[in-house]
Each structure stands twice: as C-alpha cells, then as structure tokens.
Amino acid sequence: MREPIDLSYPFRGRWLTQNSPADRVPSHGTTLFATSYAIDFVPVDETGRTAPVTLTTLLRPEPADRFPGFGRPVLAPASGTVVAVHDQAPDHDAFRGLPSVGYALTQRRRAAAGWEALAGNHVLIALPEGPVVALCHLQRGSVQVVPGQQLRVGEPLGRCGNSGNSTEPHVHLQAIDQPDVRRAGAVPLAFAGRLPRNGEVVDAG
C-alpha cells in the first residue's frame with residue numbers, strides 16, 4: 001500500500017466521522033469507484049448531534065435544511081488545480097429510520113447510473129504530487145470554483161449539501177490516482193498524520 005497523502009480538514013467547526021478507513025478497508029464496504037479509503041464527515045452542533053430524532057424522523061423523509069450542517073462551508077483540503085466540477089444535482093430529503101431502509105433499496109440503481117449519480121455535486125482537485133482529491137454531496141448551486149482554477153489549502157469550494165447518494169447532509173472525501181474516477185485506483189489519506197475513527201467528533205476550530 002502506498003503512503004497516505006496528508007490533507008487538512010475541509011471544514012471548520014464540529015463534524016462527526018463516519019465510514020472511516022481507520023476502522024475498516026474498504027471503508028464504504030466496496031471498492032467501486034476507488035472508494036476503498038474514502039471517509040465521510042457529518043456536520044454536528046455544539047453537543048455533537050445532527051438534527052433531533054422525532055417520531056417524524058422514524059416515519060418520513062426530512063427536509064435537508066432541517067439539519068445543522070446543511071449549507072456549511074466546505075474548504076479545499078490541499079493546494080492544487082481544480083480538474084472537474086459538478087453543481088446541478090438537486091439536494092434531496094434526508095432519510096433516517098424507516099425511510100432509510102427504502103432508500104437503501106434504491107442503491108443499486110444509483111450505482112448503475114455511474115459515479116456522478118453517487119457523488120452528486122462535487123469538486124475534483126489535482127494535487128502537485130499527483131493524486132486527485134474528490135469532495136462530494138455538495139449543495140446545489142454552491143460550488144465557487146471552476147476547472148483550471150488554482151487553489152490554496154483552506155479556500156472555500158462550496159457548501160455542505162445532500163446531493164447524490166446521501167442519507168443526510170455530509171461531505172464525502174476520497175483520494176484517487178487520476179481524474180477519471182471510472183479507471184482510478186484508491187489512494188490512502190490522512191489528516192495531520194492521522195485518521196479519525198468512526199464516531200469521533202473532529203473540531204477543526
């Protein structure tokens with residue numbers, strides 16, 4: 001396995017770690033579309049929670065803007081060149097409780113539609129040392145960068161959304177060895193030399 005690339009967290013504030021490669025590889029249960037080392041971050045409030053769970057949560061989909069992180073800024077995790085942008089996928093409702101079961105049953109259909117159907121709105125950044133970093137599930141219409149643009153670490157890219165294959169607003173981040181995701185290999189990653197584990201709340205100031 002190659003050495004992981006070291007990134008900065010693509011956000012400020014408190015975010016909950018999910019599907020971390022620190023806990024298992026492949027982190028999302030599949031190697032499809034080079035996701036072996038992908039990681040998810042869910043924005044949470046000061047208590048480390050997302051939207052409160054109610055009876056409605058268990059029975060019906062919920063508006064994405066009910067969640068505390070919907071619309072939070074997403075930042076460049078490294079300096080590099082923007083090589084691809086997608087910004088027109090709709091943000092859909094969030095699915096928890098019973099609605100999440102029905103949503104999971106449609107996963108195969110989204111995977112068959114290709115990586116863009118899974119990623120939703122996204123930005124790909126090519127790093128000077130070679131790998132490409134993908135940030136996915138961004139809010140529709142929020143992307144602030146264009147292909148060919150040079151970025152510095154910490155610059156704003158867009159906002160946290162619920163587009164693509166997403167059950168609640170979060171950011172999916174993965175590193176790959178070339179811009180063509182269909183042919184790419186997965187690249188390990190770290191943040192300041194380490195990986196947070198599932199359930200760990202990262203406070204990035």
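The values are calculated or read from the model by the stated rules, or taken from the named source; none is laboratory data. Treat the numbers as computed from the prediction; the structure is a model and nothing was measured. As a convention, Cβ positions derive from the backbone with ideal geometry for all residues, glycine included, and neighbour counts pool all protein chains shown. Ligands, DNA and RNA are stripped out before the accessible areas are found, and what is left, the full protein with its side chains, is counted by its heavy atoms. Shrake-Rupley method; radii C 1.70, N 1.55, O 1.52, S 1.80 Å.
The table that follows gives values for the structure above.
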item	result
Residue list for the range 76-103, filter: more than 16 Å from the chain's Cα centre (by Cα) and among the acidic types (Asp, Glu)	Asp93
Sole residue being surrounded by fewer than 19 Cβ atoms within 10 Å (Cβ to Cβ) and over 16 Å from the mean Cα position of the chain (by Cα), chosen from Ala184, Ala192	Ala192
Residue in the range 147-166 that is in contact with a Lys or Arg (Cβ under 9 Å, 6 or more places away or on another chain), open to solvent by 30 Å² or more (accessible area, probe 1.4 Å) and on the phi < 0 side of the Ramachandran plot present	yes
Pairs with Cβ under 7 Å, 6+ apart, first in the range 182-197 and at pLDDT below 95, second open to solvent by less than 90 Å² (accessible area, probe 1.4 Å)	Arg182/Trp115
Considering residues of the range 45-79 that are open to solvent by 60 Å² or more (accessible area, probe 1.4 Å) and in a loop (DSSP other than H, G, I, E, B) only, the residue farthest from Pro4 (Cα to Cα)	Arg60
Helices (runs of 4 or more DSSP H) wholly inside the range 82-141 that include at least 3 residues being open to solvent by 20 Å² or more (accessible area, probe 1.4 Å), modelled with pLDDT under 95 and of a type in the set (D, E, K, R)	107-112
From the options Ala89, Ala51, Ala38, residue that is among the aliphatic types (A, V, I, L, M), closer than 16 Å to Trp15 by Cα and touching a helix residue (DSSP H, G or I) at 6+ places or on another chain (Cβ under 8 Å)	Ala51
So Val42, is it touching a His at 6+ places or on another chain (Cβ under 8 Å), open to solvent by 30 Å² or more (accessible area, probe 1.4 Å), modelled with pLDDT of 90 or more and not in a helix (DSSP H, G or I)	no
Members of the range 5-39 that are closer than 19 Å to Val202 by Cα, assigned to a loop (DSSP other than H, G, I, E, B) and open to solvent by 40 Å² or more (accessible area, probe 1.4 Å)	Ser8, Tyr9, Arg12, Asn19, Asp23, Arg24, Tyr37
